[in-house]
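Written out below as C-alpha cells is the structure these notes cover.
Values quoted throughout were computed directly from the atomic coordinates according to the rules given, and no laboratory measurement underlies them. Fair warning: this is a prediction, and the values are worked out from it, not measured in the lab. Cβ: placed from backbone, ideal geometry, glycine included. Neighbour counts: every protein chain shown.
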Amino acid sequence: MIFKTEVRVRFSETDLAGCVYHGNYFVYFEVGRSRMYHELGHGYNEMRKEGIFLPVVEAHCEYEYPAQYDDVLEVCTKITEVGEKALRTEYEIYNKEGMLLVKGYCTQVCVDAERKARPFPDDMRKIFVEVVEK
C-alpha cells in the first residue's frame, strides 16, 4: 500500500542555485513516514506514550532531478519489509508533472524507552505486515 503526501518546497529548503538542498529530501521522507504511521493509527505520539520509539538506523537517497523553490511535491511512502524488530520504508518523490525526482529508503528499529531493541507490539506488527501485503 502506498501512502501519498504533498509538500511545497520552502525557500529555506533550497541552496544558492534555487534547488532543494540534498539533505532536505530526508526531511520529506520523514513527512511521508510520519503521515503514514498516523494514518495507520500508530502515530509517533501514540508510540511515545507506549514507550516505543523507531529510530532510523539506515538511510539512502538517489537523486534523479532537482526540485525547486515553491514546487509542489508528492511523497509516496510504503513499507516494504517487516521483521521482528525492524522495518524498511521506501520513498519516491515526484513533481506535479509526474517526474520522479528522488527515490530512497530508511530502516528503522523498534526500541524501548532505554533505547534497547525490542519486538514490535503484536498489533503494530500485524498492521505493518498487512500494509506490505496490499
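Key figures for this structure:
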{"read-out": "Residue match in segment 83-97 (condition: in contact (Cβ under 8 Å) with a residue 24 or more places away in the chain, in contact with a Gly (Cβ under 7 Å, 6 or more places away or on another chain) and assigned to a loop (DSSP other than H, G, I, E, B))", "value": "no"}
{"read-out": "Selected residue [in contact with a Lys or Arg (Cβ under 6 Å, 6 or more places away or on another chain) and on the phi < 0 side of the Ramachandran plot] from 52, 2", "value": "2"}
{"read-out": "Selected residue (criterion: farthest from residue 108 (Cα to Cα)) from residues of segment 2-59 that are assigned to a helix (DSSP H, G or I) and touching a helix residue (DSSP H, G or I) at 6+ places or on another chain (Cβ under 7 Å)", "value": "13"}
{"read-out": "Filter result for residue 69 (under 17 Å from residue 2 (Cβ atoms) and either aromatic (Phe, Trp, Tyr) or surrounded by fewer than 16 Cβ atoms within 10 Å (Cβ to Cβ) (or both))", "value": "no"}
{"read-out": "Residues (surrounded by 17 or more Cβ atoms within 10 Å (Cβ to Cβ) and either touching a residue at least 60 places away in the same chain (Cβ under 8 Å) or under 20 Å from residue 92 (Cβ atoms) (or both)) located in segment 7-25", "value": "7, 9, 13, 19, 20, 24, 25"}
